[in-house]
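The values are calculated or read from the model by the stated rules, or taken from the named source; none is laboratory data. Keep in mind that this is a model prediction, so the values were computed, not measured. Here the Cβ is made from the backbone with ideal geometry for all residues, glycine too, and neighbour counts use every protein chain on show.
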């Protein structure tokens with residue numbers, strides 16, 4: 001275990017909250033040079049200086065004495081765009097590392113079972129291997145082998161994989177888009193905590209694919225030598241598609257004759273985007289390259305590449321909130337922040353309190369896939 005390093009924790013706090021040294025100095029009354037020297041270790045981070053920063057930012061003093069996360073950052077895999085900025089990626093690294101530290105503490109304290117996922121070994125996995133691991137993962141998570149997954153988040157949490165929505169903030173505490181980032185995950189293996197973090201998007205189908213993609217990283221890349229990012233991302237994408245629409249069902253569902261409207265109906269049933277369904281049909285060789293190109297041309301002409309029809313419900317994680325409130329009560333954030341040595345903002349993000357059920361959703365379980373109800377033309 002690493003020893004506490006208050007100066008390094010100060011840099012961590014800035015990344016969590018989105019402060020520059022100058023902004024933190026202005027907010028706290030501590031000089032920018034003091035902050036800089038404390039972070040680099042050139043000057044001791046005194047208790048008075050840290051307390052001024054803690055009070056200015058609403059951070060518990062215990063944060064500065066916490067041991068850093070044990071997550072090796074070079075082991076993290078991201079679902080992100082190549083254009084994502086390095087600054088945002090560093091902040092995501094930091095936010096996820098702190099989230100993992102806290103989630104591991106909560107899960108361990110409450111003795112919640114850790115996942116028993118299948119895992120790949122060796123240098124290579126084939127398409128057939130990925131299909132196999134997707135099926136084995138369904139079995140491990142007690143998901144029916146050939147049915148749509150009505151609530152992927154709940155299946156992950158029941159299987160011991162914690163799911164945490166993540167929200168970066170600016171200096172005013174307002175949520176800031178993590179442009180180009182979708183998800184990040186880590187699992188050290190059997191007996192260890194697994195955490196999938198994701199940045200909620202406008203569409204539930206995108207979030208579901210992100211969770212399945214990150215699950216693919218856990219299964220395919222935990223015990224194998226590190227692969228180039230493009231290869232690992234491609235494998236995780238193929239795993240996600242195979243998990244969400246199993247091979248034998250895909251072969252039954254798709255054909256060259258299937259229209260775009262019928263793909264939209266399948267989206268409503270399977271909770272998978274039309275574009276991902278087309279790529280799945282192509283991957284299982286139910287359609288050829290010509291048909292795939294034709295369908296994507298149709299998508300573009302209808303404006304569906306940017307805004308697909310058919311809403312898929314958002315899934316709300318519950319595990320971390322349930323464990324947090326069991327340990328710290330119905331209003332857990334303030335007492336938990338001190339005990340877990342974390343800023344309350346992080347807790348509110350990764351363990352959001354359940355939202356009241358909306359009246360028009362009373363007939364549908366929270367987070368269930370919204371069924372297709374309108375004609376698509």
- Query: Is one or more of the residues making up the stretch 151-171 buried (at least 18 other Cβ atoms within 10 Å of the Cβ), touching a residue at least 12 places away in the same chain (Cβ under 8 Å) and more than 20 Å from the chain's Cα centre (by Cα)?
  - Reply: no
- Task: Specify the residue that is farthest from the chain's Cα centre (by Cα); the eligible residues are those in the stretch 15-33 that are in a helix (DSSP H, G or I) and buried (at least 20 other Cβ atoms within 10 Å of the Cβ).
- Result: 28
- Yes or no: residue 264 buried (at least 24 other Cβ atoms within 10 Å of the Cβ), at pLDDT 95 or above and closer than 18 Å to residue 147 by Cα? no
- (1) modelled with pLDDT of 95 or more; (2) within 27 Å of residue 342 (Cβ to Cβ); (3) part of a loop (DSSP other than H, G, I, E, B) all hold for residue 149 apart from (2)
- Check the stretch 58-74 and report whether any residue there is at pLDDT below 95, within 26 Å of residue 226 (Cα to Cα) and in a helix (DSSP H, G or I). yes
- Task: Exactly one condition in (1) over 26 Å from residue 66 (Cα atoms); (2) assigned to a loop (DSSP other than H, G, I, E, B) is not met by residue 173; state its number.
- Result: (1)
- Task: Could you list all residues from the stretch 21-42 that are at negative phi and touching a residue at least 24 places away in the same chain (Cβ under 8 Å)?
- Result: 23, 24, 27, 28, 35, 38, 39, 40
- Test: residue in the stretch 261-273 that is touching a residue at least 40 places away in the same chain (Cβ under 8 Å), over 20 Å from residue 302 (Cβ atoms) and part of a loop (DSSP other than H, G, I, E, B): yes
- In the stretch 183-192, which residues are at negative phi and surrounded by fewer than 22 Cβ atoms within 10 Å (Cβ to Cβ)? 188, 190, 192
- Where residue 136 falls short, out of the listed (1) within 14 Å of the chain's Cα centre (by Cα); (2) at pLDDT 95 or above: (1)
- Task: Output yes when any residue across the stretch 292-305 is over 23 Å from the mean Cα position of the chain (by Cα), buried (at least 19 other Cβ atoms within 10 Å of the Cβ) and outside the structural domain of residue 59 (by TED's automatic domain parsing), and no when none is.
- Result: yes
- Item | Number of positions in the stretch 105-127 that are closer than 18 Å to residue 320 by Cβ and touching a strand residue (DSSP E or B) at 6+ places or on another chain (Cβ under 8 Å) | 3
- Task: Could you grab me the full set of residues in the stretch 212-252 that are closer than 14 Å to residue 276 by Cα and within 14 Å of the chain's Cα centre (by Cα)?
- Result: 212, 213, 236, 240
- residue 216 vs. criteria farther than 14 Å from residue 163 by Cβ and modelled with pLDDT of 95 or more: yes
- Task: Could you pull out every one of the helices (runs of 4 or more DSSP H) wholly within the stretch 194-253 that has 3 or more residues that are buried (at least 24 other Cβ atoms within 10 Å of the Cβ)?
- Result: 204-221, 229-244
- Message: Every residue in the stretch 279-332 that is outside any loop (DSSP other than H, G, I, E, B), farther than 25 Å from residue 237 by Cα and free of Cβ contacts under 8 Å to residues at least 40 places away in the same chain, please.
- Response: 301, 321, 322, 325, 328
